[in-house]
1. In the stretch 425-442, how many residues are part of a helix (DSSP H, G or I), crowded, with 19+ Cβ neighbours inside 10 Å and of a type in the set (Gly, Ala, Ser)?
2. Could you list all residues from the stretch 395-424 that are under 24 Å from the mean Cα position of the chain (by Cα), buried (at least 18 other Cβ atoms within 10 Å of the Cβ) and of a type in the set (A, V, I, L, M, F, W, C)?
3. Give the residue, chosen from Pro38, Pro148, that is touching a strand residue (DSSP E or B) at 6+ places or on another chain (Cβ under 9 Å) and closer than 30 Å to Arg186 by Cα.
4. Here is a list of conditions, (1) in a loop (DSSP other than H, G, I, E, B); (2) over 26 Å from Ala370 (Cβ atoms), and Gly75 meets all of them except one; can you say which number that is?
5. Out of the residues in the stretch 274-307 that are aliphatic (A, V, I, L, M), touching a helix residue (DSSP H, G or I) at 6+ places or on another chain (Cβ under 8 Å) and farther than 24 Å from Cys336 by Cβ, state the one that is surrounded by the fewest Cβ atoms within 10 Å (Cβ to Cβ).
6. Find all pairs meeting these conditions: Cβ atoms under 9 angstrom apart; at least six residues apart or on different chains; first residue within the stretch 84-110 and more than 21 Å from Ser45 (Cα to Cα); second residue of a type in the set (A, V, I, L, M) and surrounded by fewer than 20 Cβ atoms within 10 Å (Cβ to Cβ).
7. Given the options Ala154, Ala132, Ala144, name the one that is within 30 Å of Val314 (Cα to Cα) and under 19 Å from the mean Cα position of the chain (by Cα).
8. Can you tell me which residue is surrounded by the most Cβ atoms within 10 Å (Cβ to Cβ) among those in the stretch 247-261 that are closer than 17 Å to Arg289 by Cα and touching a residue at least 40 places away in the same chain (Cβ under 8 Å)?
Amino acid sequence: MPERLNHDGVIVVGAGLAGLTAALAAAPARVLVLTDAPLNSGCSSAWAQGGVAAALGEDDAPALHAADTVAAGAGLVVPEVARLLAEEGPAAVRRLAALGAPFDRTEDGGFSQSLEAAHSRARVARVKGDQAGRAIMQAVVVAALAAPHIQVRAGARLVGLLQDASGRVRGVQARIGREVVEITARAVILATGGIGGLYAVTTTPPELRGEGLGLAALAGATIADPEFVQFHPTAIDIGRDPAPLATEALRGEGATLIDGAGEAFMTRYHPDAELAPRDVVARAIHAERAAGRGVFLDARQAVGAHFPDAFPAVFAACMGGGIDPRIQPIPVAPACHYHMGGIATDKDGRTSLAGLYAAGECASTGVHGANRLASNSLLEAAVFGERAGRAAREDTGSDLPPLRATPAPDLPDEALQALRGAMSRDAGVIRDAAGLTRLLHEIDLLQGRHGCAAALVAARLIARAALERRESRGGHFRSDFPGVLEAERTFVTLAERAPCQAA
């Protein structure tokens, strides 16, 4: 029988930007932060290179940022949520700066901003070219550790949600060391990150396998838009897992995509060439590689000798793989990068289950639609993490006793690697009915052997929704249905679309 503990306050699961922002915003409520990895590791926030998009320039405005967000989202962005993100964005960036995030500055003290794909203005606040995520997280971690209302417990992995007889979430089950413990609380905020670890080629920490999404689905939460997965066009193709990222800011600086013969090709696919939306660039690179021409990012003229100082993370990754980007083009390939779908929430992080909130990449507010606008992810984590934390602190909980729940089983590494290969093969940049059907069959087999592991639940939701969306839109491209139908978001529950039976 698991030990049961009581926390009189809010539990936050995850210690990326969304989780720690929520924890700080929940003051004065007591907050227990549970994280499997040490602080400032194991989260995509710390790996983010590009920066934070916000309308901070004199030539910009929140309305323009919102319009670019809606346009990039291919018809599925919720306009009022995009407007909220853009309007609250500048204040969110200034809060991060006040915590000590060392954003690059102009001579007059303003934020230095760069241009990225599908933005109509240069509005991405950066840190030393490609250091934004780690530098921001360092500042936020220091603030969280100094906050008297926050307790951080590292080495704690979420394995289940506690619910009462009404279905309200009353706490969590977590594996700490070898033991599973149950911790009750007034409210739970999931900030467990994305699903990149479900794919064989990813730019995210491999431990992010959609388990928060899967466990929320097992508890009965509504899931939104799971089929929409963003593949970053320019992962550095040097055989590493996860794949290092060549930030989109390089293309903003003028780097070009070339084939193995040294010819630029992006104008054949889109008039904006290298600054086309990410899904367009990813498919173009996929097509060039499939045709055997190879693809390279050429920053020799655009960055050249300035690489070590201007983009130190990219420079280090390239040099570690035997590529000197000052004098050589960088081999690149598309890789799973971001999940637009997730646990359906309102603008304050509330899910369909009372007592359960979600923020960051594991949530789906509708702000990204079918294709996230570049550098909106850190902004979303900051804006909606803040809102979720404030909402959760006002949650009064319930008087009903929580019921015991069975923790989801682990997926053995051999099975996980088989799943990752199948997801990249059949639910990747280009999909079709035959591949998705094959993928679902393989998930059935894995589930039959290993039970309802959270990673399998998440993968099933993605594959099933991708099979049912018979069109191509944003990050979801069906070679057998390349046309576009009427825009409509996906909302599903596990019971409706993909019932999970125990092994």
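The values are calculated or read from the model by the stated rules, or taken from the named source; none is laboratory data. Fair warning: this is a prediction, and the values are worked out from it, not measured in the lab. Please note: Cβ atoms are built from the backbone with ideal geometry, for glycine as well, and neighbour counts cover all protein chains shown.
1. So the answer is 1.
2. Listed by number, the residues that qualify are Ala408, Leu411, Ala415, Leu416, Leu419, Ala422, Met423.
3. Values: Pro148 fails: touching a strand residue (DSSP E or B) at 6+ places or on another chain (Cβ under 9 Å).
Of Pro38, Pro148, the one residue that is touching a strand residue (DSSP E or B) at 6+ places or on another chain (Cβ under 9 Å) and closer than 30 Å to Arg186 by Cα is Pro38.
4. (2)
5. Restricting attention to the stretch 274-307, the residues satisfying the condition of being aliphatic (A, V, I, L, M) are 275-276, 280-282, 284-285, 287, 290-291, 295, 297, 299, 302-303, 305.
Pick out the ones that are also touching a helix residue (DSSP H, G or I) at 6+ places or on another chain (Cβ under 8 Å) and you get 275-276, 281, 284, 295, 297, 299, 302-303.
From the residues that got through so far, the ones that are farther than 24 Å from Cys336 by Cβ too are 302-303.
On the way: Ala302: 18, Val303: 23.
Selected residue: Ala302.
6. Glu87/Ala63
7. Working: Ala154 fails: under 19 Å from the mean Cα position of the chain (by Cα); Ala144 fails: under 19 Å from the mean Cα position of the chain (by Cα).
Result: Ala132 is the single residue among Ala154, Ala132, Ala144 that is within 30 Å of Val314 (Cα to Cα) and under 19 Å from the mean Cα position of the chain (by Cα).
8. Narrowing the stretch 247-261 to residues closer than 17 Å to Arg289 by Cα: 256-261.
Within this subset, residues satisfying the condition of being touching a residue at least 40 places away in the same chain (Cβ under 8 Å) are 256-258.
Values: Thr256: 19, Leu257: 24, Ile258: 19.
This residue is Leu257.
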